[in-house]
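The values are calculated or read from the model by the stated rules, or taken from the named source; none is laboratory data. Quick caveat: nothing in here was measured; it's all calculated off a predicted structure. Using ideal geometry, Cβ is built from the backbone for each residue, glycine included, and neighbour counts are taken over all protein chains shown. Side chains are part of the model used for accessible areas, which takes the heavy atoms of the whole protein and leaves out ligands, DNA and RNA. Shrake-Rupley method; radii C 1.70, N 1.55, O 1.52, S 1.80 Å.
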Amino acid sequence: MDRFLFLTFGGLSTGAVYAAFALALVLIWRAARLVNFAQGAMAVATAYVGYAVASATGSYWVGLGAAVLAGLLLGALVERVLMRFVGHANPLNEVIVALGLVLLIQAVLGMVFGNGYRPAPAPFDTDALTVGGVAALSPYDLWVLGAVLVVVVLLALLFTRTPIGLRMRAAAFAPEVSRLLGVDVSRMLTLGWALAAAVGALAGMLVVPTGLGLHPHAMDLVFVVAFTAAVVGGLDSPAGAVVGGLLVGLILSYVTGYLGPDTTPLAVLVLLLAVLLVRPGGLFSSARARHV
């Protein structure tokens, strides 16, 4: 029983990290109806900015703010300079461009900062608190869970209670109709990319201190798992991204603890295939296609 509780707490802590990153994927999907495969590389780039500022100022919180601001600017720049000019006739065009952007960002980071591992300190203690003799969540895990919860609430309010959020949703689902109604679709798209990159920057700053450290490829595996979490929860649902992230974290923790770490990639693949076969839209999907 102690082992089960230990694995459960560990799964929740890692799942919160995956949930934070899945939120960024959900946000860009809601804003632009595409999966940004460059999200991981963009998050790493902003994490380098954040920790460079934190080292210069001696404050993690100043670095966190700098990373989020860098994410806003990078997301808007990528949309304005690159993705806006990609043809939308074939969905693969955007995927190929995003993958090329991954290679470019990783190459630039390697040239500027090097490919070596850099430890990233956490703002809170990462040692787990003991409850009843069982290692539970650490103060840093509680910070991650709280930050993810706050982001989910803010996103939910943005998309359901504010005019800007409603315009972003309308521009993503029906751009031509939105233009006729006076919505600046291009501006909404830029804002969506900027917000998604900012959430990705926050996720990167939450992920890096968990042991990944800073290096150009730090988010490669995290992106795969977070993408699985986003698909499990539903790409249209911020709350689903959180639930999917926690669920994936728990499953991977149990699989690793009881079957060994070598089976973890297989568990991710099986979970992704199962969701795609049984409920392709995700557990929290609400949109259904009409057959005429």
Carbon/sulfur accessible area of the chain, % of total, 1.4 Å probe, equals 71 percent
Which loop-located chymotrypsin sites (Phe, Trp or Tyr not before Pro) does region 67-161 contain, where loop means any DSSP state but H, G, I, E or B and the Cβ has at most 16 other Cβ atoms within 10 Å?
-> TYR117, PHE124
Selected from TYR117, VAL86, ALA98, residue furthest toward positive end of dipole (region 62-150; charges at beta carbon) | VAL86
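With each run of n ≥ 4 DSSP H residues scored as -39500 (n - 2.57), what mean residue ellipticity at 222 nm is computed for the chain after dividing by its residue count and rounding to the nearest 500 deg cm²/dmol? Don't skip to the answer; put the middle values down first.
Numbers: 11 runs with 209 residues, N = 292.
-24500 deg cm²/dmol, from helical runs alone.
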Using Cα atoms only, what is the angle between the long axis of helix 2-32 and the major principal axis of the chain, expressed in degrees (0 to 90) to the nearest 10?
-> 10 degrees
Spacing of the two label points (7 Å from each Cα toward its C-beta) at PHE124 and LEU276, in nm = 3.6 nm
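Hey, can you rank 248-254, 190-196 by average C-beta count inside 10 Å, highest first? Intermediate results must be reported in sequence, preceding the final value.
Working: 248-254: 21.4, 190-196: 23.7.
Descending packing order for the listed peptides: 190-196, 248-254.
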Per DSSP loop assignment and a cutoff of at most 15 other beta carbons within 10 Å, the chain keeps its longest run without exposed trypsin sites (Lys or Arg not before Pro) at 1-287
Distant alpha-carbon pairs in the chain (separation over 33 angstrom), percent | 22 percent
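Taking the Cα centre of the chain as origin, sum charge times position over the Cβ atoms of Lys and Arg (+1) and Asp and Glu (-1), and report the length of that vector in debye to the nearest 20. Intermediate values should be presented prior to the final figure.
On the way: 14 positive and 11 negative charges, 192 e Å.
Rounded to the nearest 20 debye, it is 920 debye.
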For labels at ALA107 and LEU266 in the simple 7 Å Cα→Cβ model, what's the distance in nm?
-> 3.7 nm
Size of electric dipole in region 1-123: Cβ of Lys, Arg +1 and of Asp, Glu -1, about Cα centre, debye, nearest 20 = 120 debye
Helix 163-173 vs. the chain, principal-axis angle (Cα, 0 to 90°, nearest 10) | 80 degrees
Applying the gyration tensor rule to the Cα atoms of region 157-292 (axes a ≥ b ≥ c; rounded if a/c under 1.5, else prolate if a/b exceeds b/c, else oblate), the class is oblate
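Taking 25 Å as R0, compute the FRET efficiency from the Cβ-Cβ separation of LEU73 and ILE164 and round it to 0.05.
On the way: r = 19 Å, r/R0 = 0.74.
The computed FRET efficiency comes out at 0.85.
Could you provide, to the nearest whole Å², the per residue accessible area of the chain with probe 1.4 Å?
Numbers: 14220 Å² over 292 residues.
Per-residue accessible area for the chain comes out at 49 Å².
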Would you please give the residues with an amide H less than 5 Å from that of LEU214, counting only those at least 5 places away or on a separate chain, with H modeled from the backbone geometry?
-> ARG118, ALA120
Residue with peak Gaussian network fluctuation, the chain [Cα springs, cutoff 10 Å], from VAL242, VAL102, VAL270 | VAL270
What is the packing order of peptides 34-43, 144-153, 218-227, taking the mean over residues of other C-beta atoms within 10 Å and listing the highest first?
-> 34-43, 218-227, 144-153
